[in-house]
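The values are calculated or read from the model by the stated rules, or taken from the named source; none is laboratory data. Predicted, not measured: the structure shown is a model, and the values here were computed from it. Cβ: placed from backbone, ideal geometry, glycine included. Neighbour counts: every protein chain shown.
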Amino acid sequence: MNNVVTQRFIKCHNKLREDKRIKSSRQFALSLEYLPQSLSEILKGRRDVTIELLRKAVERYQMNPVYIYTGDGPMFMSEEDHKSFRVLTIVTNGLDEERIVHVPVPAQAGYAGELANPTFIQDLPSFTLPDYKYKVGTHRSFDVSGDSMEPTLFEGDKVICSFLEPTLWETSIKDNYVYVIVTRGDILVKRVFNKLKEGKFLELQSDNGFYQPYQISISDIREMWYVRAKISPFLPSPSNIQNIVRDEVKQLQSIINKQNHLIYNLNETIEKLIDRTK
């Protein structure tokens, strides 16, 4: 028995045949660079659809991924939806299980750029986590840079996020939660307030009060990722930190004392030279 995702995929395939958008299952398979025999196994309920086959079907035939994965919405996207839709590249292991792709700081500009391609994504590091919630859906992790989200997130932290489908942004983005927002030129980690319904924009706020809130238009957003967890570097115990701070303060005091001594000696030398010239 096929899983529910495969069943919805088969319904979309059958609808394409009913509407004569494809001539045959064989032609459908070949157009997606897939073996007709393997597709026949899927249609007969002997195997499940692969993620890569789904990706190609979404891209070529505008199958609606929201319908495929949740059962909500129409089977196919409109032309307008498809133009703004960005096919999300994923990385899998030998068992076709999805891995978490990590986007480090040096790769973030390329990730956000218009020319990011599947090869670029597949070359990024990837990993898995044991928690079951990371086995369902698509996840990414991103390096945190800068101090705008302190004290919640610090530079060097990594945030693990779940992908939020664009058709769900208006209803599913929650106020005062932290998201990773991928724009056309940058990757932002911010606390978000959803203004899409009334104004077609998001209000982005930093936890660091030094930074002012600002707005971003929906047309500038390429991807939204809901932050579910963070990975932080291990820090010394508070007592160790206090000792480190004390040592640094002592070093600064020593440096200041030496500088004061040098300035005193310099003043004495200058005074002596002035007296000699009189």
Taking only segment 100-117 into account, find how many residues are more than 22 Å from Phe154 (Cβ to Cβ) and surrounded by fewer than 17 Cβ atoms within 10 Å (Cβ to Cβ).
-> 5
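Scan segment 18-42 residue by residue and report those that are more than 34 Å from the chain's Cα centre (by Cα), surrounded by 15 or more Cβ atoms within 10 Å (Cβ to Cβ) and assigned to a helix (DSSP H, G or I). Spell out the reasoning first.
Step one: of segment 18-42, the residues more than 34 Å from the chain's Cα centre (by Cα) are 18-27, 36-37, 40-41.
Retained after the next criterion (residues that are surrounded by 15 or more Cβ atoms within 10 Å (Cβ to Cβ)): 22, 25.
Across segment 18-42, the qualifying residue is only Ser25.
Looking at segment 223-252, which of the residues that are among the basic types (Lys, Arg) and either at pLDDT 80 or above or surrounded by 11 or more Cβ atoms within 10 Å (Cβ to Cβ) (or both) is nearest to Lys133 (Cα to Cα)? Quick ask: steps written out before the conclusion?
To start, the set of residues in segment 223-252 that are among the basic types (Lys, Arg) comprises 228, 230, 246, 250.
Right, trim to either at pLDDT 80 or above or surrounded by 11 or more Cβ atoms within 10 Å (Cβ to Cβ) (or both) and you get 228, 230, 250.
Values: Arg228: 10, Lys230: 14, Lys250: 48 Å.
The selected residue is Arg228.
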Identify all residues within segment 196-212 that are over 20 Å from Ser145 (Cα atoms) and surrounded by fewer than 16 Cβ atoms within 10 Å (Cβ to Cβ); write none if there are none.
-> Leu196, Lys197, Glu198, Gly199, Lys200
Index of the failed condition, Phe120 passing every other in (1) surrounded by 15 or more Cβ atoms within 10 Å (Cβ to Cβ); (2) closer than 20 Å to Ile221 by Cβ = (1)
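From Asn64, Asn14, which residue is touching an Asp or Glu at 6+ places or on another chain (Cβ under 9 Å) and at pLDDT 85 or above?
Working: Asn14 fails: touching an Asp or Glu at 6+ places or on another chain (Cβ under 9 Å).
That would be Asn64, the only listed residue that is touching an Asp or Glu at 6+ places or on another chain (Cβ under 9 Å) and at pLDDT 85 or above.
Quick check: is even one residue across segment 213-221 on the phi < 0 side of the Ramachandran plot, touching a residue at least 60 places away in the same chain (Cβ under 8 Å) and buried (at least 16 other Cβ atoms within 10 Å of the Cβ)?
Start the filter on segment 213-221 by keeping residues that are on the phi < 0 side of the Ramachandran plot, which leaves 213-221.
Retained after the next criterion (residues that are touching a residue at least 60 places away in the same chain (Cβ under 8 Å)): none.
No, segment 213-221 has no match at all.
Does Phe154 meet the test of being assigned by TED's automatic domain parsing to the domain that holds Tyr226, under 15 Å from Lys230 (Cβ atoms) and either crowded, with 20+ Cβ neighbours inside 10 Å or not acidic (Asp, Glu) (or both)? Don't jump to the end; show me each part of the working.
Numbers: assigned by TED's automatic domain parsing to the domain that holds Tyr226: yes; under 15 Å from Lys230 (Cβ atoms): yes; either crowded, with 20+ Cβ neighbours inside 10 Å or not acidic (Asp, Glu) (or both): yes.
Answer is yes for this residue.
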